[in-house]
Amino acid sequence: MVGVTHRAYEGDADFRGVRDFLVRTYSAFGWMYNWGQERWDIQRFGINNEQELAGARFWEDYVHLWEAGGDIVGVVHPEEGGDLWLEIDPDYRDLEDEMVAWGEANRSPASQPGQPLVTYVAVGDIHREQVLTRREWIRCDVEAHLRKRIMAEPLPEGPVGDGYVVRSLDLATEQDSEGGAAVSRAAFGNQRTGEMMRGLAGAPSYRPEHDLAAIADDGTFAAYTTVWWDQVNRYIIFEPVGTHPDHRRRGLASAVMAEGLRIGAALRADTAYVGSGAGNPSNLLYESLGFTQVVDYLRWHASPPKR
């Protein structure tokens, strides 16, 4: 497109620029078509923090920016390594073919050998589907959902059961970061450490008073969620939501999310979001809390290279 340039990502100034771009394009689309600023924060201070603790920031090599008139209008980046994400200004969607091509040619080495490059497309996004089809990507099944709740609806009570209390955390402290990491490892099967959680506390949109856990009388962390707040666009989003397997079926995830919704109401948020995997039992929980408006995401993967 005339007047559009693209360049490599250049550190913290661009980190802030992408955050501003994500805030701006939320209102342009009218919903969370792109990532929110909080997910970008989680990427930088959570997922990529493991590299930074080892003294490296090679993840930056796989982020690329498109600009028009000095403003960011498109971003290509990985999340875990074997995936490709496009963030786009709605006025510049004609760039998407070029952006996908760049992502195909500059795949993060964090990808597993033999793993196809994947991306995720909202059902009904005809433009993105056409771009991928032209590039011979393969459409797969529904992989995930984005659930939405209108905050004007009555709030759930979500009482906490006997033997537990819901309180806010501060991931900057060792006790809370270690407790949150323990729930994360048990609930999601990851390798999250307290040190990595303390890194997340440095994210610009992190607020300790919005970090919530259900804690047993013996001090065990049983369930955990973080409520992220976009003041400009007036939404909250829950990421992550997890319960330790030893404490499931006691309404604890419901209790921490109900408290998070009360926080959102006090902030006068208009909308609440939560993401979930297709077929995950958590979908029943989210429906019970009023997250009934759903966007489905299809998984697509790139065709194997031609020999």
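Some notes on this structure:
- Single unsatisfied condition, Glu136 versus (1) assigned by TED's automatic domain parsing to the domain that holds Gly219; (2) assigned to a loop (DSSP other than H, G, I, E, B); (3) not aromatic (Phe, Trp, Tyr): (1)
- Number of the exception - Met197 against (1) more than 19 Å from the chain's Cα centre (by Cα); (2) under 25 Å from Ala269 (Cβ atoms); (3) in a helix (DSSP H, G or I): (1)
- All of Met196, Met257 fail the test of being of a type outside the set (Gly, Ala, Ser) and either farther than 16 Å from Asp176 by Cα or surrounded by fewer than 19 Cβ atoms within 10 Å (Cβ to Cβ) (or both), apart from Met257.
- Near pairs, Cβ below 8 angstrom, 6+ apart or cross-chain, from region 52-65 (in contact (Cβ under 8 Å) with a residue 40 or more places away in the chain) to any residue that is basic (Lys, Arg): Tyr62/Arg107; His64/Arg7; Leu65/Arg7
- Where Glu67 falls short, out of the listed (1) modelled with pLDDT under 95; (2) surrounded by fewer than 20 Cβ atoms within 10 Å (Cβ to Cβ); (3) charged (D, E, K, R): (1)
- Residue match in region 70-88 (condition: farther than 24 Å from Cys140 by Cα, surrounded by fewer than 17 Cβ atoms within 10 Å (Cβ to Cβ) and in contact (Cβ under 8 Å) with a residue 12 or more places away in the chain): yes
- Checklist (1) within 16 Å of the chain's Cα centre (by Cα); (2) of a type in the set (Ser, Thr, Tyr); (3) at pLDDT below 95 applied to Tyr26, failing item: (3)
- Candidates Ala214, Ala203: the one that is over 19 Å from the mean Cα position of the chain (by Cα) and of a type in the set (A, V, I, L, M, F, W, C) is Ala214.
- Single unsatisfied condition, Leu132 versus (1) buried (at least 19 other Cβ atoms within 10 Å of the Cβ); (2) touching a Leu at 6+ places or on another chain (Cβ under 8 Å): (2)
- Check on Arg16, at pLDDT 95 or above, assigned to a helix (DSSP H, G or I) and farther than 19 Å from Met99 by Cβ: yes
- Among the residues of region 211-221, just one is buried (at least 21 other Cβ atoms within 10 Å of the Cβ) and over 15 Å from Ala182 (Cβ atoms), namely Leu212.
The values are calculated or read from the model by the stated rules, or taken from the named source; none is laboratory data. Nothing here was measured: the structure is a model prediction, and the numbers come from that model. For neighbour counting, all protein chains shown are included, and Cβ atoms are generated from backbone atoms with ideal geometry for every residue, glycine included.
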